Amino acid sequence: MISNFRGIRAIYQFEMARFGRTFWTSLMLPVITTALYFVVFGSAIGSRMTEVSNVPYGAFIVPGLMMLTMFTESISNASFGIYMPKWTGTIYEMLSAPMSPLELLVAYVGAAATKSVIIGAIIFATAHLFVDVQIAHPLLMAAFMVLMAVTFCLFGFIIGIWAQSFEQLQVIPMLVIYPLTFLGGAFYSLDMLPAAWRTITLFNPVVYLISGFRWTFFGQGDVGIGVSMGAVSLFLALCLAVIFWMFRTGYRLKN
């Protein structure tokens, strides 16, 4: 149960204050990155492929671009947030404090998810400078974005506990998440692939996440919205199970 709201607020505010100290850097990076993606994908490729599934190509890549950045930001923010107390040794003070693992999780993941949603909103606003993006289901889109941020922040929290060096913090995002996102339909529709490759791609879990988010924009996706929501819920449940196992056993927390 959650009862120590003061402790949650203190950790949350501390993490958000760290984000505030680098706010302008964090603001400019997604703006510049988004602009570059639109120059490369929107102009170069979009000039040859004007529409995908009756959606202008410039608008079509917006959900994938938002997910690509939010995946990495969520993992980075959450993993760094819990790794720093391990690195400095203050993790033992938090573990001995009158806060349950759930309360620690809510504080760290809540702050990391807030940062990721802010970055996602900045990317969405920047995209409007290049294309006109209409959202078919705005409330569902916002809810899906928050759910995705929380889920990948939980995944990042796991990485932060697992990592034993700053280099290991970057291994999973760079070698797993980035490739899976690019191969998961972030900038193209699975209908454009040959039948054999389309079948193989469906084994990529990121496909279901990006497709579900794209469905909230345009009312269509590579897989059904129900399947996408089920995939996100399953991933979230798995992350929660792993995290509570880590706290229960003290895996790389108490040694």
Square roots of five times the C-alpha gyration tensor eigenvalues of segment 162-255, ordered largest first and given in whole Å, equal 31, 17, 10
Once the dipole of the chain is set up from charges on Cβ (+1 Lys and Arg, -1 Asp and Glu), the residue from the list Val146, Thr88, Trp162 lying farthest towards its positive end is Thr88
With only helices counted (DSSP H, runs n ≥ 4, each -39500 (n - 2.57)), the per-residue ellipticity at 222 nm for the chain, to the nearest 500, works out to -23500 deg cm²/dmol
The convex hull of the Cα atoms of segment 5-249, divided by residue count, gives a volume in Å³ per residue of 128
Share of Cα-Cα pairs in segment 148-190 beyond 14 Å, whole percent, is 57
Projecting the Cα atoms of His137, Ala241, Tyr12 onto the charge dipole of segment 5-249, where Lys and Arg contribute +1 and Asp and Glu -1 at Cβ, the residue farthest towards the positive end is Tyr12
When the chain is treated as a Gaussian network with springs between alpha carbons less than 10 Å apart, the largest mean-square fluctuation among Gly212, Gly184, Gly230 is found at Gly230
Yeah, segment 99-198 with a ≥ b ≥ c from its alpha-carbon gyration tensor (a/c under 1.5 is rounded, else prolate when a/b outruns b/c, oblate otherwise) is oblate
Relative contact order of segment 5-249 (C-alpha contacts under 8 Å, at least 6 apart) in percent is 26
Assertion target for Tyr108, Tyr12, ordered by fewest C-beta neighbours within 10 angstrom first, is Tyr12, Tyr108
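Tally Lys/Arg at +1 and Asp/Glu at -1 over every other residue whose Cβ is under 14 Å from the Cβ of Arg198; what's the total? Can you show the working numbers first?
Values: positive: none; negative: Asp191, Asp222.
That works out to -2.
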Residue ranges of DSSP H helices in the chain that stretch 18 Å or more (Cα, own long axis) and have mean Kyte-Doolittle hydropathy of at least 1.6 are 101-127, 138-162, 225-249
With +1 at each Lys and Arg Cβ and -1 at each Asp and Glu Cβ, the charge dipole magnitude of the chain around its Cα centre, to the nearest 20 debye, comes out at 540
Per GNM of the chain with C-alpha springs under 10 angstrom, the most fluctuating residue out of Val40, Val109, Val133 is Val40
Quick note on Thr181, Thr201, Thr50, ordering by fewest other C-beta atoms within 10 Å, gives Thr50, Thr201, Thr181
Going from the fewest other Cβ atoms within 10 Å to the most, one would list Tyr37, Tyr178 as Tyr178, Tyr37
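Laboratory data are not the source of any read-out in this text; all were calculated from the coordinates shown. Just so it is clear, the model here is predicted, and its values are computed rather than measured. Counting neighbours? That spans all protein chains shown, and the Cβs are built from the backbone with ideal geometry, glycine included.
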